[in-house]
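Read the figures in this text as sums done on the coordinates, not as results from a lab. Predicted, not measured: the structure shown is a model, and the values here were computed from it. Don't worry about glycine lacking a Cβ; one is built from the backbone with ideal geometry, like all the others, and counts go over all protein chains shown.
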Amino acid sequence: MLESLLFIIMGLIVITCAIGVVFQKNPIYSAVFLIQTMVSLAVLYILLHAQFVAAVQVMVYAGAVMVLFVFVIMLLNVQRADQELGKDRLIFQKVSAIFLGLLLFAVIGIVTVRSVLQGTKGEYTPEHMNEIGNTQLVGKLLFTDYVFPFEIASILLFAAIIGAIILAKKELKE
Amino acid sequence: MLDVILFTFIAIIKISIVFGLLLLTIAYLIWIERKVMAHMQVRLGPMRVGWHGLLQPLADGIKLLFKEDIVPYKASKVLFIMAPVIAIVPALMSFAVIPFGNKITISGYSIDMVITDINIGILFILAVTSVGVYGIILAGWSSSNKYSLLGGLRSSAQMISYELSIGLSLIGVLMITQSLSLVDIVNAQSKWWFVLFQPIGFMVYAISAVAEVNRCPFDLPEAESELVAGYHTEYSSMKFSLFFMAEYANILTVSAIAVTFFFGGWRGPFLPPVIWFLIKMFLCIFFFVWIRSTYPRFRYDQLMNFGWKFLLPVALANIIVTGLVIVLIG
Amino acid sequence: MEITVPPFDIKSIAPIILVTITGIVVLITDVFLKKLPKETLGYFSFLAVLITGVIISSQLGTTVYSFSNTFVVDDFSIFFNFIFLISTAIVILMSVTYLRQEGINYGEYYTLILFATVGMMLMAGGADLITIFLGLEIMSISLYVLAGFRRDRLDSNEASLKYFLLGAFSTCFLLYGIALLYGATGTTNINEIGTFITNNHAYSNPMIIMGTCLLIIGFGFKTASVPFHKWAPDVYQGAPTSVTAFMSAGPKAAAFAVFLRVFLVSLPGLETKWSVILWVMSVLTMTVGNVVAITQTNIKRMLAYSSIAHAGYVLMAIVTASSLGTASILFYLLVYVFMNLGAFAVIMVLGKKGKENLQIDDYSGLGYKHPVLAITMSIFMFSLAGIPPFAGFMGKFYIFSSAIKSGYIVLAIIGVINSVISVYYYLRVTVVMYMKQPVREFAPLSLSPFIILALIITIWGTIHLGIFPSRIIEFAQESVLLP
Amino acid sequence: MIPLTWYLILSGALFTIGATGVLIRRNALVILMCIELMLNAVNLAFVTFSRHHDSMDGQIFVFFIMTVAAAEAAVGLAIIVAVFKNKATVNVDKINLMKW
């Protein structure tokens, strides 16, 4: 009961804020809405017994990625001069985009409702998971079954660091 | 059914006691800071209001409450009003998982001296405090004042940089206890405090904690000589005091974490656990004030270099060494 | 909680480790030995790539699943690894002079190229959607940055931004597709997905079908297939030429490797469904690519559309879903690496700092001034157009014959018609070079031993594979994935 | 206990809103934010499926998606900053040296 109520409230917040992200004129308001979306999603993850993902969601997305966004928005200080122009030309595009979006949603909705969720049941039921601890399980899997992707992820981050520095650095010396 | 009601009742009681005490402590923290600093500088500090100025925080609070609340004409109103709230809520929330004492039993019903013991305790704290940055950064932006903006940018950069070191410095302890729950961590220290096993981790934590709460010598975001008052230049009245409270609440949080992680939490002989916890925490706070009245301010590039090029590698090395030792000892 | 650390099969990932370490070493050397000429870094990377090739050839003939079935070494991945390493090696040779000339001579360039190669190798060898996804992202992120490597040039910035925004957008679709597949089957391992679908006869589970469609969108973007091709011409035109060459060869092959592995291993049961979609995509891709290429005046943009068209031919072979089709794809991608990189090498030889001479008209009269270079360019153009005796002809021949053998006659006919259309714009370059009077001085050419070596290798590949294709074809046929 | 289908529909809605946002907005920063929104939708779908299957693979995948999202955000913002330095705009309609 309480869970359903929480889901409905959080779901409504998520949807409202997501729409806010899209339709806010000022990028900083979009960013604030996005942060709110992410934090509300973390609550949903807890409802789904994924505590670690919830914590990381807040820590990584809200605490790091979005700070970077807000940072860049402030640094660039994009002002009115950069307001989206050519309203007339875009009306058609906007309408068709929203139409396409609704279509996509309809398709996804139909697919999810029509599908019978089958598939092999794994061993990690919520009870079993609470016994071991969600975080411990994630850690165990990352260092056993998924150790290879885990190590690759470091290459990915390294490439991203190099890339970000090379693109945004002030002066590069020959 | 009765259980549920009792549980809810106790939870509400616990929350209100912790919350009330927290606010009171924050108020008196300011008094303590003024007094300690005064005596370090051979002054007396507040003396007029009450015995040795004990009622000073009350007077300050009433003064701030009745001041005119100014919202700058060009500010973006919503964010300007929201920012102080965003700053203080996470600061208070992180106390939800900190254990203040052992279990106590009242008429056959045992009560944990912690609002809630969740198995991702420290992750919860790190996640919640990382949201607190937005209070500052949005305050800086929404004031449409260049000093505020610069202060906001500086502080958010600083907080993000040092958050990494904070997280990494605690991992050594987590590796020893193999649990993220703060209750488990305190229980694991029944023999030895972890500061003995993790001296480097504690040093890194202590330094980055000072930086994380924007205290001297890392108080660049509000460097008076450069930025007026940093991100809260434009704030007045209650909104200003909310920022002030957030800052002190953060000091309490990092002190409480330090006590829990490195100094055995509420454990100690003779005295009741809660008292031990408070004593340890106030020693940490004294340390904060001590540093503030002793050291000059860093320069900004020094601050960043120190964080990224010294603290971070040291914290990483600490993790590697801890891991090696654990493997070798088995 | 018991933790048993799985065995580390270093041997199977040795090539990846070697390339990664080379990338890191290049970066560190660049920082600490400032006096070292950057050419040395390029030379060093080239050498490392060659050594990696030797290590890979020692893995031939084995099929090893390692790291809890997240990574696989089989002949299929080895063949693709050869394609990637050859393209990387040639691109490194081509870049050395170009980078100095354009004033973007930073060591990070080689690191990013090598990391992109690592990403491609992971894509080809990924046996789990997680590995494939991470490999794809390593490759993509390196390429986003490489496309914007000329930071002071707006067109390079623009290419990078467009590539990034559309790439990230398509990644979301790919991920949603993976999520739906995971939801329907409960696993992300591509073999297990395949087994699950066959065992449960889940051929018409809407979630799996939807997931497949989203995967097609994601992979279609990476292979620049119509209608997900819009980024390709702009990115190819704006990116530094060496990067354009790189993007058109290795990453494209890598995307096809993933395409093949996921669709032939995980989703063979749904072949009747996805082959229809791919059929349409193949026709559209060939036709749009070739027709639009005719109108282009910028040679990089023209080659971009030509590369879209070539993706269409490869898609045709995927539609057949036969072992012959797969073998023809492997062969074709190898051939494409040689002839396309060769064409870009010639473009780079003709370019100078500040004046890259990218209009097709800039080539007028090249045949009189620099006959050797003109002949070289003509060879590549003939080969791209599919004129015998060059390798491009053999590649197309095998693809069309595999389509006909599998009964896709209409598709093959459309392919042949397209091939004929493409002759027009490829030959136009040759015509301009020989039939028009020179309007400007060409000298000095940006020649260096490195780029000459690159040209020799590509010419050799284009001619050799055209005349003596049998050994490579056999190798390709042994390397097909199908059971 | 809420049926998991609700979560999936929520995820679909979020994904759709993000995709629509990418198509109708012209500010590169907001487009990037909409892409983050879509990635979040994918994460929600993964966690839901992971709960349904009682397997951890989905949560592990989410972990990697977050890594990738962070890397992409860093590179993407760097690209936007580089564009802004040269052109002083983040409006993708004005960044049109070559035709789209």
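Against the longest principal axis of chain D, how steep is helix D:4-24, in degrees 0 to 90 to the nearest 10, with axes from Cα atoms? Computed tilt is about 10 degrees.
For B:I10 and C:S323, a Förster radius of 56 Å and the Cβ-Cβ distance give a FRET efficiency of 0.20, rounded to the nearest 0.05. Relative to the Cα centre, the charge distribution of segment C:10-478, modelled as +1 at Lys and Arg Cβ and -1 at Asp and Glu Cβ, gives a dipole magnitude of about 880 debye. Contact order for chain B, expressed relative to its length and based on alpha carbon pairs under 8 Å spaced 6+ residues apart, stands at 23 percent. With the charge dipole of segment C:10-478 set up from +1 on Lys and Arg Cβ and -1 on Asp and Glu Cβ about the Cα centre, the Cα lying farthest toward the positive end among the listed residues C:S406, C:T285, C:I452 is that of C:I452. Dipole orientation for chain B: of the candidates B:F240, B:I12, B:I125, B:F240 has the Cα lying most toward the positive pole (charges on Cβ; Lys, Arg +1; Asp, Glu -1).
A Förster radius of 51 Å combined with the Cβ-Cβ distance from B:V274 to C:N69 puts the calculated FRET efficiency at roughly 0.45. Charge dipole of the protein assembly as shown (Cα centre as origin; +1 on each Lys and Arg Cβ, -1 on each Asp and Glu Cβ, all else neutral): 2540 debye, rounded to the nearest 20.
All other residues whose Cβ lies under 14 angstrom from that of C:T40 are scored, Lys and Arg at +1 and Asp and Glu at -1, for a net of +2.
Annotation for B:M1 and C:T272: the two label points, set 7 Å from Cα along the Cα-Cβ direction, are 5.9 nm apart. Over segment B:2-329, the reciprocal of the mean inverse Cα-Cα separation, the Kirkwood hydrodynamic radius, stands at 20.9 Å.
Exposure proxy shown here: for C:Y182, C:Y110, the number of other Cβ atoms within 10 Å sets the order, fewest to most, as C:Y182, C:Y110. Neighbouring Cβ atoms from other chains, within 10 Å of the Cβ of residues in C:100-107, number 2 on average. Expressed in Å, the radius of gyration and Dmax of the Cα atoms of the protein assembly as shown are 31.1, 105. The sum of -39500 (n - 2.57) across all DSSP H runs of n ≥ 4, divided by the residue count of chain B, sets its helix-only mean residue ellipticity at 222 nm to -22000 deg cm²/dmol. At the listed q of 0.11 Å⁻¹, the Debye profile of chain C, built from one uniform point per Cα, gives log10 I(q)/I(0) equal to -0.85.
Here B:W141, C:W460, B:W51 are placed in order of increasing Cβ neighbour count within 10 Å, fewest first, which gives B:W51, C:W460, B:W141.
Within the same chain, aspartates and glutamates fewer than 8 places from C:K34 are excluded, and of the rest, those with a Cα less than 17 Å from its Cα are A:E171, A:E174, C:E108. Ordered by the number of other Cβ atoms lying within 10 Å of each residue's own Cβ, fewest first, A:C17, C:C213 fall into the sequence C:C213, A:C17. The packing ranking of peptides B:93-100, A:142-149, C:339-346, highest mean first, is C:339-346, B:93-100, A:142-149, where packing means the average number of other beta carbon atoms within 10 angstrom of each residue. Inter-chain neighbour count for A:128-140: the average number of beta-carbon atoms from partner chains within 10 Å of each residue's beta-carbon is 4. Here each label is just a point 7 Å from Cα along the line to Cβ, and for A:L75 and C:S470 those points are 6.1 nm apart.
Simple spin-label estimate for B:M238 and C:T62 gives 7.2 nm between the two label positions (7 Å along the Cα-to-Cβ direction from each Cα). Per-residue shielding of C:129-139, expressed as the average number of other chain Cβ atoms within 10 Å of the residue Cβ, stands at 6. Straight-line cross-link reach from B:K146 at under 12 Å between alpha-carbon atoms covers these aspartates and glutamates, not counting any fewer than eight positions away in the same chain: B:E226, B:E234.
As a calculated quantity, the FRET efficiency between D:A88 and C:V25 at R0 = 45 Å, using C-beta atoms, amounts to about 0.70. Within straight-line reach of B:K14, meaning a Cα separation under 18 Å, sit the following aspartates and glutamates at least 8 residues removed in sequence or on another chain: B:D3, B:D112, B:D117. Using a cut-off of 32 Å between Cα atoms, the listed pairs C:K405/C:K436; C:K396/D:K87; C:K222/C:K436; C:K369/D:K87; C:K35/C:K355; A:K169/C:K300 include C:K405/C:K436; C:K396/D:K87; C:K222/C:K436; C:K369/D:K87 as exceeding that distance.
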